[in-house]
Amino acid sequence: AVPRTRILATGGASHNKKILQVLSDVFNAPVFTIDTANSACLGSAYRAIHGLVAERNVSLADVVKLAPEPRLAVTPTPGAEEV
């Protein structure tokens, strides 16, 4: 896996551990979820805030620092990258 690669899953499928496990195994990366409704709207709101503060050279990473911390859902199955 690429260093620091992780997948953040949201929406209905993020509640299905089997789907998350497939993602983790295919991409050889841990999968995290967040407990928030309307995650697409939340992402859009963070981008809007980022746009408002862009002239002050504030990075998107700094804007989302106060976001809910993702929770580890699954990790790659050992040996999956060989398949």
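The values are calculated or read from the model by the stated rules, or taken from the named source; none is laboratory data. Treat the numbers as computed from the prediction; the structure is a model and nothing was measured. Ideal geometry is used to build each Cβ from the backbone, glycine not excepted, and the neighbour counts take in all protein chains shown. Heavy atoms of the whole protein, side chains included, go into the accessibility calculation; ligands, DNA and RNA do not. Shrake-Rupley method; radii C 1.70, N 1.55, O 1.52, S 1.80 Å.
Would you check if Asn57 is surrounded by 11 or more Cβ atoms within 10 Å (Cβ to Cβ) and among the polar types (S, T, N, Q)? Considered against the rule, which asks whether it is surrounded by 11 or more Cβ atoms within 10 Å (Cβ to Cβ) and among the polar types (S, T, N, Q), Asn57 comes out as no.
Just so you know, in region 1-32 the residues that are β-branched (Val, Ile, Thr), within 18 Å of Thr77 (Cα to Cα) and within 13 Å of the chain's Cα centre (by Cα) include one that is surrounded by the fewest Cβ atoms within 10 Å (Cβ to Cβ), and it is Thr5. Scan region 33-44 for residues that are under 19 Å from Leu60 (Cα atoms) and either of a type in the set (D, E, K, R) or open to solvent by less than 40 Å² (accessible area, probe 1.4 Å) (or both) and the total you get is 3.
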